[in-house]
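For reference, the structure discussed in these notes is given below.
The values are calculated or read from the model by the stated rules, or taken from the named source; none is laboratory data. None of these values were measured; they are calculated from a predicted model. All Cβ positions, even for glycine, are placed from backbone atoms using ideal geometry, and neighbour counts span all protein chains on display. In case anyone asks, the SASA skips ligands and DNA or RNA and just uses the protein heavy atoms, side chains included. Shrake-Rupley method; radii C 1.70, N 1.55, O 1.52, S 1.80 Å.
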Amino acid sequence: MFITELKGIYSNKPFLSNIVPYHEIAPQLELFINQEVRLGSRYLNPYRFAFKFGYNPKDIINLFIAFSSKGGPLKRFYRFECGECEELHLLDDDQFKNLKCPECGYDGDIENIDFLDNVKVVFEIKEPFLKEVQRRLKDQASSERKTKLKPQKTSDSEEASLKSVMDSTDAANESPDEDFTEMIKQVKSRLSSGLRK
Ligand SMILES: [Zn+2]
């Protein structure tokens, strides 16, 4: 179960408890996931979560980075549009490290001053957990009387840019995930090393 995975991450990374304790976030996250999946989403937006439960978005971003570490219940992707071929990409850490368009090979996007703002970090619920929630919701729906869903207000939910995620993790005392920190190191070194030969 999603919550069980979460517990495992908390025991591997005790410093997460200083950000938000497990017993506090677990029921909130469960509620949030149910709502988001019911609305048809497979992604969790840290800003929406922070807004809903009154947290500092920086804290939630750090937690989501931890929850999307290898073996975690979330999977993070970097979404951006290639400046050359305009293809939209969802890349994982390893793919993103190369910062090259998988479609056309263009590698000049990083030179764009807005690049880090334009890259959005999305947190996807891993397939088995998504299925589990969908199944549970279906069972509930068939046993309960139909309840009308409130119209969704998503237009006001900002997406997490890579820039804001980097700022948030920089501000934290400990790295929420080494793979993420490693990836960022490479991106930063390319940003500062004159980039293109
Ligand atoms: Zn391209």
Which fully enclosed strands (runs of 3 or more DSSP E) of segment 43-139 have 2 or more residues being open to solvent by less than 40 Å² (accessible area, probe 1.4 Å) and away from the ligand (no atom under 16 Å from the Cβ)?
-> 74-81, 120-125
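One line per residue, one yes/no per condition, for (1) farther than 21 Å from Tyr22 by Cβ; (2) touching an Asp or Glu at 6+ places or on another chain (Cβ under 9 Å):
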{"residue": "Phe64", "(1), (2)": "no, no"}
{"residue": "Lys75", "(1), (2)": "no, yes"}
{"residue": "Glu87", "(1), (2)": "yes, yes"}
{"residue": "Asp93", "(1), (2)": "yes, yes"}
Restricting attention to segment 36-73, report how many residues are without any contact (Cβ under 8 Å) to a residue 60 or more places away in the chain and among the β-branched types (Val, Ile, Thr).
-> 1
Sole exception among (1) modelled with pLDDT of 95 or more; (2) in a loop (DSSP other than H, G, I, E, B) for Gly40, by number | (1)
Taking Asn18 and the conditions (1) of a type outside the set (D, E, K, R); (2) within 16 Å of the ligand (Cβ to nearest atom); (3) assigned to a helix (DSSP H, G or I), which numbered condition does it fall short on, given that it satisfies the others?
-> (2)
Test Tyr10 against the stated conditions and say whether it is at negative phi, open to solvent by 40 Å² or more (accessible area, probe 1.4 Å) and in contact with a Phe, Trp or Tyr (Cβ under 8 Å, 6 or more places away or on another chain).
-> no
